[in-house]
Amino acid sequence: MSSRTSTATVTATTLLRIALGAVLVSHGAQKLFGAFGGGGIDGTAQGMHAMGFRPGRRNAVLAGVGEAGSGAALALGLATPIAGAGAATTMGVASSVHTPNGFFNADGGLELPAFLGFSAAMFALGGPGPVSLDHATRHALDRPWLRAVALAAVPVAIAIQVAQRRKALAADAPAPTEAPATAASGDGAPSAE
């Protein structure tokens, strides 16, 4: 690879990682602080409760920290496997909420959270690049084994959250009502009394 290609690749990787981190931080700030028109903890907690994430406040904090914390760490290139896996998990759970709306974001679909989660997972897998705190710390928190463990935990964590949400929503569902009994005549047709 030529030095020009290498420099362009490093620059592109660094800028993409910083942009991804910034998007995640901004979404987390909406949830945690009400920034950028977000609901803050109270509004997010109400939304989380309504979506089946119980308790709502705890899940609002987890989602906000998952986005803002992981996003900040990704932008800095610090503990990239953990940061990428954290963001991938948070966005995977968010994708599960948007799945019934289809793919496209314009329809409320999973396009944006799925893409953000996939991108974060790719940094967890491939590393942050040389312009990063992980590189400056000689990859103390960016080891191959850590990448494998962090990425293996993502589907497990998503599955647990989705199962808990489904259980809460099922508990919220009204009990099915029985159809009113009708007096039937001997031939199976309702009798007219």
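Any chance you could count how many residues in the range 123-137 are among the small types (Gly, Ala, Ser) and assigned to a helix (DSSP H, G or I)?
Qualifying residue count, the range 123-137: 3.
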### Message
Looking only at the range 27-55, count every residue that is open to solvent by 60 Å² or more (accessible area, probe 1.4 Å), free of Cβ contacts under 8 Å to residues at least 24 places away in the same chain and aliphatic (A, V, I, L, M) and tell me the total.
### Response
1
### Task
Have a look at 94, 121 and point out the one that is in contact (Cβ under 8 Å) with a residue 12 or more places away in the chain and in contact with a Pro (Cβ under 8 Å, 6 or more places away or on another chain).
94
### Query
Which members of the range 73-84 meet the condition of being open to solvent by less than 40 Å² (accessible area, probe 1.4 Å) and assigned to a helix (DSSP H, G or I)?
73, 74, 75, 80, 81, 83, 84
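Among the listed residues 140, 152, 170, identify the single one that is part of a helix (DSSP H, G or I), over 20 Å from the mean Cα position of the chain (by Cα), among the aliphatic types (A, V, I, L, M) and loosely packed, with under 13 Cβ neighbours inside 10 Å. Can you show your working first?
On the way: 140 fails: part of a helix (DSSP H, G or I); 152 fails: over 20 Å from the mean Cα position of the chain (by Cα).
Testing whether each residue is part of a helix (DSSP H, G or I), over 20 Å from the mean Cα position of the chain (by Cα), among the aliphatic types (A, V, I, L, M) and loosely packed, with under 13 Cβ neighbours inside 10 Å leaves just 170.
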### Message
Take residue 98 and tell me if it is open to solvent by 50 Å² or more (accessible area, probe 1.4 Å) and touching an Asp or Glu at 6+ places or on another chain (Cβ under 6 Å).
### Response
no
### Task
Collect the residues in the range 56-71 that are open to solvent by less than 70 Å² (accessible area, probe 1.4 Å) and either closer than 25 Å to residue 150 by Cβ or part of a loop (DSSP other than H, G, I, E, B) (or both), keeping them in residue-number order.
59, 60, 61, 63, 64, 66, 67, 68, 69, 70, 71
### Query
Which of the residues belonging to the range 127-166 are touching a residue at least 60 places away in the same chain (Cβ under 8 Å) and within 16 Å of residue 90 (Cα to Cα)?
150, 151, 153, 154, 155, 157, 158, 161, 162, 164, 165
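The values are calculated or read from the model by the stated rules, or taken from the named source; none is laboratory data. In this text the structure is predicted, and so the values were computed from the model without any measurement. So basically every Cβ, Gly included, is an ideal-geometry build from the backbone, and we count neighbours across all protein chains shown. The accessibility values were calculated without ligands, DNA or RNA, using every heavy atom of the protein model including side chains. Shrake-Rupley method; radii C 1.70, N 1.55, O 1.52, S 1.80 Å.
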